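Only one structure is covered here, and it is reproduced in the block below.
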Amino acid sequence: MPYSLGSRIGCESEEDCSHGESHSAAVAELPWRQTHGHPPLGAGVKFPVLHPRSLVNRKTLKDDSMAGLVLGVESVPDGLASGLLAGVNPVAGLYSYMFGLAGAAMFTSTAFMAVQGTGAMAIIVADVDLASRDDPARALYTLSILTGVVMILAGLLRLGSFLRFVSNSVMTGFITAVGVNIVLGQLTDFTGYEAEGGGRLTRTLNLILNFWKIDVATLTVGVVTIILIVTLQRTKLGPLGLVVAVFAGSAVAGIFDLLDRDVERVRDIVDVPRSLPLITMPVFGDIPTLFIPALSLAFVGLVQGAGVSAGFPNEDGSPQDESQDFVGQGAGNIAAGLFQGMPVGGSMSGSSLVASAGAKTRTAAFFAAGVMAVVILLFGGVIELVAMPSLAALLIVVGIGTIRPSRIISVAKTGTVPLAVMSITAILTLVIPLQFAVLVGVGISTILFVLRQSTRLVTRRLVFHDDGRIEETDPRETVPPNEVVVLQPYGALFFATASTLLEQMPTVTPESKNSVVVLRVRGVDDAGATLIDVVKQYAESLRETDSKLMIVTGNRNVIRQLRVTGATDVIGAENIYRSTKFLGESTRQAHDDAREWISERVLAGHQSTEQPPEIDDNEDHADGQEDQDV
């Protein structure tokens, strides 16, 4: 499958990138012993760094070195572009790619996970306003380290399950807006016109209104680079085509230099050192103000990394652990921050590239980092000659590739609510700083989840027949006198659905005498204060009419919560039934006990010569459905 440049920096979510997902799938499905005859080095090890021998395999050294060469060479212009996108020293992008790769590879469970800069994370960094800090460069490194700490804590606390609360609508709106932001953020370097304005949209409007001020030479270099990128990546050069395109575009800039039409280059904004960076300590005083951006960066990075974990099974069949990959990404960020790099995360495109290039183990990541180190040490002068409009062109292609119309259309067709959520998230991402837009998106997802669950609760009545069959019907509007009413709620029972449950249960009236309502609580392991209050309220209203409530549940924690909150005192301990391993046994027992209780009360209320009225709970009819207890 051809490599897609659009995924290299910006298209990093698991739903936006799919290249390389089938790499070695047939082998991955087989156990290690079937394909190799012996277990892999370090099999079952939590962190590969604890067993250095597991980091290198001589049998795959050739394949891993070639794949590392491809990834390393391609990562040089990519790293520069990532730094440019983040609005920081482009060399910080180079360092982050190099040390992020190596640092993460020592800890991740997914061998092919390439931890590098991503478009979404770079845009967040650009919105943090590091320039206002006393030491902007060290503030960037501090942000990387802090992001790494948050990621490691998320991994150690095994918080991967919380990612499911981020809906597809939110991620689609966020990633789409990130793509737009990437494109708009590069128009200054692409056109040579320094637009005025406080935001990307404002500056874009200013550029349109002053289009005649665009520098033709700069624009020409950018356009040529885009054409070459789109063309060369479809040839046998594959991913190396973008390297050729960037340097070819820079050569065009050299021609304009000869014509006295200067085009801005990397050397005009930064000096590329001919040495590797030394360890730099963070600025601890900046940690409080950088915590929210670090939280947003960690969240985005972990979502993208989860896509890599799911899309690239280990070739040796060894298990993958999403939480361990969180720790690995955190280690990559700490390494990048200590060595003067920007925040990084699991890159779907980088992982796809190294896998499609023939990598066999995580050793390829170390080779890639080594190649980048050699390029910095020996070819720093060449890097300085790269034209800024060529890097801007690379990022524009990336941004356009990030926008997936098919995903947008799919969400729009799903319904009005998903469309609204996607639109709101996209608009917020465009107009407010991304570190806040991410958190707002998470909030929207959480609220949407709660709203959906609260509207999906349905309460049905179970009617027991003498022949053993059970009918499922709609509950009556009110609780009738002298009857057993068995209620079964379907859906999640928690604080948001408690009021819905109360609305769907039959209303207790003064005529609801000598009746029993049996409530089956299934699949609930935490009743919560709101739900317990509703149950107590309903039980008290039944007691006021000489009726009562029975509870059938299979969860010990729910029974404990009823006891410690005083709900058991209102309901009565004898009216709380514990489910057994036999389906429907406890509910049927509660039903029979309720009929007996009603018979005794009705009999006691009549003279001995009178015939007590028949107790009937079979007045409603519907399709039978077997009762089940959990």
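The values are calculated or read from the model by the stated rules, or taken from the named source; none is laboratory data. Just so it is clear, the structure is predicted and the values come from calculations on it, not from any experiment. Here Cβ is always computed from backbone atoms with ideal geometry, including for glycine, and neighbour counts include all displayed protein chains. Surface accessibility is based on the protein's heavy atoms, side chains included, excluding ligands, DNA and RNA. Shrake-Rupley method; radii C 1.70, N 1.55, O 1.52, S 1.80 Å.
A few points about this structure:
- Residues that are at pLDDT 85 or above, of a type in the set (G, A, S) and open to solvent by less than 20 Å² (accessible area, probe 1.4 Å), drawn from the stretch 226-253: A245, G249, S250, A253
- Being open to solvent by less than 10 Å² (accessible area, probe 1.4 Å) and over 21 Å from L143 (Cα atoms) holds for only one residue in G346, G380, and it is G380.
- Test set (1) at negative phi; (2) surrounded by fewer than 21 Cβ atoms within 10 Å (Cβ to Cβ) - L531 fails condition number: (2)
- The set of residues from the stretch 556-587 being surrounded by fewer than 19 Cβ atoms within 10 Å (Cβ to Cβ) and in contact (Cβ under 8 Å) with a residue 60 or more places away in the chain is empty.
- Condition met for E322 (surrounded by fewer than 23 Cβ atoms within 10 Å (Cβ to Cβ), touching a Leu at 6+ places or on another chain (Cβ under 9 Å) and in contact (Cβ under 8 Å) with a residue 40 or more places away in the chain): yes
- Screening E540, E503 for residues that are within 18 Å of V458 (Cα to Cα), surrounded by fewer than 20 Cβ atoms within 10 Å (Cβ to Cβ) and of a type in the set (D, E) leaves exactly one candidate, E503.
- Looking across the stretch 254-269, just one residue is surrounded by 20 or more Cβ atoms within 10 Å (Cβ to Cβ) and in a helix (DSSP H, G or I), and that is V266.
- The stretch 108-132, residues that are closer than 24 Å to F367 by Cα and crowded, with 24+ Cβ neighbours inside 10 Å: T108, T110, A111, F112, M113, A114, V115, Q116, G117, T118, G119
- Just one of (1) open to solvent by 60 Å² or more (accessible area, probe 1.4 Å); (2) at pLDDT below 85 fails for S406. It is (2).
- Among (1) part of a helix (DSSP H, G or I); (2) among the polar types (S, T, N, Q); (3) over 19 Å from V516 (Cβ atoms) - the single one T580 does not satisfy: (1)
- Filtering the stretch 336-366 to residues that are of a type in the set (A, V, I, L, M), closer than 15 Å to G79 by Cα and in a loop (DSSP other than H, G, I, E, B) leaves M342, V344.
- Residue check, L153 under 21 Å from the mean Cα position of the chain (by Cα), in a helix (DSSP H, G or I) and surrounded by fewer than 24 Cβ atoms within 10 Å (Cβ to Cβ): yes
- Residue that is least open to solvent (accessible area, probe 1.4 Å) [pool: residues in the stretch 185-221 that are under 27 Å from L385 (Cβ atoms) and within 33 Å of the chain's Cα centre (by Cα)]: Q186
- Consider the stretch 516-528 and keep the residues that are in contact with a helix residue (DSSP H, G or I) (Cβ under 7 Å, 6 or more places away or on another chain) and not aliphatic (A, V, I, L, M). The one that is surrounded by the most Cβ atoms within 10 Å (Cβ to Cβ) is R520.
Here's the yes/no breakdown for (1) farther than 15 Å from L140 by Cα; (2) surrounded by fewer than 20 Cβ atoms within 10 Å (Cβ to Cβ); (3) at pLDDT below 90; (4) of a type in the set (S, T, Y):
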position: V272; (1), (2), (3), (4): yes, no, yes, no
position: F291; (1), (2), (3), (4): no, yes, no, no
position: Q304; (1), (2), (3), (4): yes, no, yes, no
position: P313; (1), (2), (3), (4): yes, no, yes, no
position: A336; (1), (2), (3), (4): no, no, no, no
position: F339; (1), (2), (3), (4): no, no, no, no
position: A357; (1), (2), (3), (4): yes, no, yes, no
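- Restricted to the stretch 464-500, and to residues there that are among the charged types (D, E, K, R) and within 17 Å of D593 (Cβ to Cβ), the residue that is most open to solvent (accessible area, probe 1.4 Å) is D466.
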